[in-house]
Every structure is written in C-alpha cells, then in structure tokens.
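For reference, the structure discussed in these notes is given below.
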Amino acid sequence: MSEIARGAFHHPGYLDAAAQAALARDIAGVISDAPLFVSRMPKSGLPMSVRMTNCGPLGWMSDREGGYRYEAAHPETGAPWPPMPRMLLDIWAELTGYPKPPEACLINVYSDTAKMGLHQDRDEADFDAPILSLSLGADCRFRLGGPKRADKTIAVTLSAGDALVLAGPARRCFHGVDRILPSLLTPLPGPLAGLGARVNLTMRRVT
DNA sequence: AAGTAGCG
DNA sequence: AAGG
C-alpha cells in the first residue's frame, strides 16, 4: 500500500488472479440482470464513453433531463439494482474500516478508447465515507487532483487487481481516467471478456 | 455537471 | 473552463 496523496491509498495487486476471476463472475452476473447502459451529460445530452451499470441499493446514472443522481432502479429495465456481492462488502470492510456498508457500486466498462474526464464525486450526502475503487483488465492512466479543478494533478497507473481508497481530504478531490493503456497481456477475465478493455468498480456511501 | 473542439 |  502506498499513500499517493493525502488520504489516497493505492493497493497494487490487492486482488490476486483467483480473486479477480471470482469478482469477474459476480460482475458478469450483475450485468446479465442489469444491462450496461450509457449515461449522458446533463443539458447537452452528450454520451459518456463508458458503459455502466450498478449493484447495491442505489446506482449512479445521468441523463439530459435529470442530471447526475442516484436511483434505486435501472433506467431501462425499471428493475431494482442487483444486490451487492458479498465479496464487495467484505473488501469494503477490510480496506475502509467504515462502519456502514456501501450503498452503491458503480460498474464502469471502458473500451480501449474510453475516458473519464476530471470530476468530483459530489452526488452523495455522506462526504465522510471513503470511496473504494477496484480495477479489472487493462491498465489505465488515472489522474488525481485536488479539491479545486485547477489544482495540480498527479498520474498513477491502475492495473488489474489494484484497489484505490479515497478517504479524508482525498474524498473531495477531482479525479478521472486519461486513457486506457494498450494491454494484450491483461484481458478482462473470461466472464467479462468481450465487454471492453477495463472494468472499474466504485463503491460509495450515498445517504 | 463525469462531454469536447477550437478560438479569443 | 482549465488541463492532459
């Protein structure tokens, strides 16, 4: 584990290959019940380049009309999000030590050209709870800034099996994904193969 | 607004 | 609404 900025903890290789495979099976199950969809920017309606879905009581989404928000149901099927796999609850407890379980796990699927612009996670009521992110598949160039958009940034490579915890002051920091790195060598595990190059799971407290 | 192109 |  290394603290890459105040409150930002990178755990390279936190999940071994077997754990990554087990997690991939769980996530493939979630996606089969809650199909990937594309969120759109508020007002402009421009699509994001990632495809996403969620598990847990609440899920993050965005569309032109309603903007960034959490919802209890899938925007296309209308069904509640699938339950949070136990493995994710256990990882949350171990890495964050937070007394309450995560309410949302956003599953972002990146193609080899997908990106995520610099942003803050600020659609939650609880800003004290950490954010936990897990990576599967291709490496990416992750960018972490400060609490203001213009603050200086650092870049970190996130690889398959890595965990990243944004706690304390880092909870409010801008962050994003510059690009997916070429990785013939790290395909997504079998159950997720073909969906994209990289999958990121982001767990959060919402209420 | 987690989007992007290109102009002052 | 500034930066990679």
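The values are calculated or read from the model by the stated rules, or taken from the named source; none is laboratory data. In this text the structure is predicted, and so the values were computed from the model without any measurement. Cβ placement follows ideal geometry from the backbone for every residue including glycine, while neighbour counts extend to all protein chains displayed. For accessibility, only protein heavy atoms count, side chains too; no ligands or nucleic acids. Shrake-Rupley method; radii C 1.70, N 1.55, O 1.52, S 1.80 Å.
Just how large is the dipole of chain A about the Cα centre, in debye to the nearest 20, putting +1 at every Lys and Arg Cβ and -1 at every Asp and Glu Cβ?
Roughly 660 debye, rounded to the nearest 20.
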So if the hydrodynamic radius of the stretch A:112-188 is defined as the Kirkwood radius over C-alpha pairs, what does Stokes-Einstein give as its diffusion coefficient at 10 °C and 1.306 mPa s, in µm² per second?
121
Size of the dipole of the stretch A:33-106 about the Cα centre, Lys and Arg at +1 and Asp and Glu at -1 on the beta carbon, nothing else charged, in debye to 20?
240
Working out 0.36 nm times the residue gap between A:Arg172 and A:Ala125, then minus their Cα-Cα distance, what length gain in nm do you get to one decimal?
15.7 nm
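Restrict the search to the stretch A:1-99; then list the chymotrypsin sites (Phe, Trp or Tyr not before Pro) that DSSP places in a loop and that have at most 15 other Cβ atoms within 10 Å of their Cβ.
Sites meeting the loop and neighbour criteria: A:Tyr68.
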As a check on your grasp of the helix formula, calculate [θ] at 222 nm for chain A: sum -39500 (n - 2.57) over DSSP H runs of n ≥ 4, divide by the residue count, round to the nearest 500.
-4500 deg cm²/dmol
Give the relative contact order (percent, whole number) for chain A; include only Cα pairs under 8 Å separated by 6+ residues.
27
When averaged across all projection directions, what area in nm² does the alpha-carbon convex hull of chain A cover?
10.5
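Taking 0.36 nm per intervening residue step and subtracting the Cα-Cα distance, what contour gain separates A:Tyr68 from A:Ala155 on full extension?
Details: separation 87, 0.36 × 87 = 31.32 nm, distance 2.55 nm.
Full extension from A:Tyr68 to A:Ala155 adds 28.8 nm.
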Straight-line reach from A:Lys148: which lysines have a Cα under 24 Å away, not including same-chain ones fewer than 8 places off?
A:Lys43, A:Lys115
Determine the gain in length on full extension of the stretch A:Leu46-A:Asp112; use 0.36 nm per residue of separation and subtract their C-alpha separation, reporting nm with one decimal.
21.8 nm
Between the stretch A:9-25 and the stretch A:43-95, the alpha-carbon center distance in angstrom
21
In the stretch A:2-204 the accessible area split gives carbon plus sulfur, as whole percent at 1.4 Å, a share of 55
Tell me, what is the per residue accessible area of chain A in Å², probe radius 1.4 Å?
46
Residues meeting the amide H criterion for A:Arg69 (H placed from the backbone, H to H distance under 5 Å, 5 or more places apart or on another chain) are A:Met61
